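The values are calculated or read from the model by the stated rules, or taken from the named source; none is laboratory data. Treat the numbers as computed from the prediction; the structure is a model and nothing was measured. For neighbour counting, all protein chains shown are included, and Cβ atoms are generated from backbone atoms with ideal geometry for every residue, glycine included. The area values use the complete protein model at the heavy-atom level, side chains included, leaving out ligands, DNA and RNA. Shrake-Rupley method; radii C 1.70, N 1.55, O 1.52, S 1.80 Å.
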Amino acid sequence: MILKELTSNLAILITCLFIYSQLTNDSSLRTSSSLRKKVIAGALAGVLSNILMQYSMHFDQTIIDLRHIPLVLVTYYGGSIPSLVAASFIIIGRFFISFGESSLLAIIFIVLIALAALTARKLKGGKRAKIFFSLTASNILFTILILYLISDTGILLVMIPSYWVISYIAGFSSFYVIEYVRENQKMMLQLKTESTTDALTGLNNVRKFDQIFNSVSEEARKKDERLSFLFIDIDHFKSINDTYGHKEGDEVLIELGNLLTNAVRSFDIVSRNGGEEFTVILLDCPTDRAVQIGERIRESVENHSFLLTTGETIGVTVSIGVACYRETTKSPEALLNDADEALYEAKRTGRNKVCVA
């Protein structure tokens with residue numbers, strides 16, 4: 001019966017932790033989390049512990065369950081604040097079940113486990129070692145408590161070893177579930193980021209650009225706002241790669257990405273659309289203002305000394321094509337083509353200049 005009840009606790013525990021990990025997604029509990037998140041996580045851990053107490057074993061007024069596992073985990077991942085919140089919920093829940101000597105000892109048991117878990121966080125060593133320390137401390141505390149409350153040797157010989165085994169299994173299984181889900185969430189977030197971000201410059205890639213451009217184009221049409229577009233191309237970039245190598249060419253692209261980000265307004269959208277081609281979407285921006293921003297970019301690049309990994313510096317220039325919806329262009333969808341034609345005109349007429357569609 002003891003093994004059966006503890007196994008039920010384990011099943012409930014793992015299921016709830018998995019659901020919680022899925023719901024929190026990429027906002028997992030950490031020591032750097034906000035106070036609100038820590039309080040919520042602590043409260044949820046306390047609720048889970050109370051659920052486990054509802055499926056506990058009763059020996060007179062003594063209750064045996066795995067309520068300490070959520071407390072250990074939330075303390076390990078979140079620190080003292082969620083630990084205090086969780087412990088408070090557990091203590092309140094225990095008083096609702098019964099009030100007496102065993103409940104008072106249970107409070108001491110929970111407080112000591114919280115302190116042990118907080119101590120374990122500060123120990124040197126890996127994650128597993130800290131979890132092992134917390135679980136071992138809780139098992140020892142449980143053994144001392146149960147030896148005081150129960151005198152039946154037959155029950156103790158079954159209960160104590162069963163509790164230790166299930167406690168370790170529950171603790172490490174819970175830890176494994178959380179770490180496994182977190183790792184998968186981290187990988188998914190990385191893949192999601194890589195699918196929309198240029199790996200070299202950190203700017204939006206062409207896929208993200210398409211999503212944003214379609215969105216802002218529709219918004220500009222609905223609000224009848226002006227929308228400007230800059231098409232930027234590095235002059236003679238092939239010769240840079242041929243002369244200095246592709247590694248140095250990449251350094252130029254990275255530096256140019258930083259220059260573009262610093263030269264535009266904070267709400268404008270900078271993307272690398274491939275190779276040496278960059279774009280800037282200028283929101284609610286007329287043609288004359290777009291030309292000013294384009295000239296600022298052109299001058300910033302021309303006056304910048306691009307540092308290569310060899311320590312050598314080189315000069316780089318860019319050509320820029322400008323188009324503006326409602327002023328140079330009839331529809332937002334035509335901005336790309338019009339700006340591209342303006343860029344071609346800048347290239348054709350000498351480079352290192354800004355041309356308007």
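Overview of results
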{"read-out": "Listing of strands (runs of 3 or more DSSP E) fully contained in segment 244-357 that carry 3 or more residues being surrounded by fewer than 18 Cβ atoms within 10 Å (Cβ to Cβ)", "value": "313-315"}
{"read-out": "Residue among Phe213, Phe172, Phe209 that alone is within 29 Å of Ser21 (Cα to Cα), surrounded by 14 or more Cβ atoms within 10 Å (Cβ to Cβ) and either small (Gly, Ala, Ser) or out of contact with any His (no Cβ under 6 Å at 6 or more places or on another chain) (or both)", "value": "Phe172"}
{"read-out": "Answer residue from segment 68-100, given it is at pLDDT below 85 and open to solvent by 10 Å² or more (accessible area, probe 1.4 Å) and is farthest from the chain's Cα centre (by Cα) among those", "value": "Gly100"}
{"read-out": "Among (1) in contact (Cβ under 8 Å) with a residue 60 or more places away in the chain; (2) within 20 Å of Phe213 (Cα to Cα), the one test that Gly275 misses", "value": "(1)"}
{"read-out": "From the options Leu253, Leu260, residue that is at negative phi and touching a strand residue (DSSP E or B) at 6+ places or on another chain (Cβ under 6 Å)", "value": "Leu260"}
{"read-out": "Only listed residue being at pLDDT below 90 and touching a helix residue (DSSP H, G or I) at 6+ places or on another chain (Cβ under 6 Å), chosen from Ala199, Ala220", "value": "Ala220"}
{"read-out": "Filter pass, Val158 being open to solvent by less than 60 Å² (accessible area, probe 1.4 Å), under 22 Å from Tyr55 (Cα atoms) and touching a residue at least 60 places away in the same chain (Cβ under 8 Å)", "value": "no"}
{"read-out": "Test: residue in segment 185-203 that is in contact with a Phe, Trp or Tyr (Cβ under 8 Å, 6 or more places away or on another chain), under 20 Å from Leu48 (Cα atoms) and surrounded by 18 or more Cβ atoms within 10 Å (Cβ to Cβ)", "value": "no"}
{"read-out": "Residues within segment 237-272 that are under 16 Å from Gly321 (Cα atoms) and not aliphatic (A, V, I, L, M), tallied", "value": "2"}
{"read-out": "Conditions (1) over 19 Å from Arg67 (Cβ atoms); (2) open to solvent by 20 Å² or more (accessible area, probe 1.4 Å): number failed by Val181", "value": "(2)"}
{"read-out": "Sole exception among (1) open to solvent by 10 Å² or more (accessible area, probe 1.4 Å); (2) modelled with pLDDT of 90 or more; (3) not polar (S, T, N, Q) for His58, by number", "value": "(2)"}
{"read-out": "Options Ser151, Ser162; residue that is in a loop (DSSP other than H, G, I, E, B) and modelled with pLDDT under 85", "value": "Ser151"}
{"read-out": "Residue match in segment 122-131 (condition: more than 21 Å from Asn9 (Cα to Cα), open to solvent by less than 20 Å² (accessible area, probe 1.4 Å) and either in contact with a Leu (Cβ under 6 Å, 6 or more places away or on another chain) or at pLDDT below 90 (or both))", "value": "no"}
{"read-out": "Any hit, segment 209-216, residues being outside any helix (DSSP H, G or I) and either under 23 Å from Ile293 (Cα atoms) or hydroxyl-bearing (Ser, Thr, Tyr) (or both)", "value": "no"}
{"read-out": "Condition check for Phe229: surrounded by 15 or more Cβ atoms within 10 Å (Cβ to Cβ), aromatic (Phe, Trp, Tyr) and in contact with a strand residue (DSSP E or B) (Cβ under 7 Å, 6 or more places away or on another chain)", "value": "yes"}
{"read-out": "From Ala41, Ala116, residue being surrounded by fewer than 24 Cβ atoms within 10 Å (Cβ to Cβ) and modelled with pLDDT of 85 or more", "value": "Ala116"}
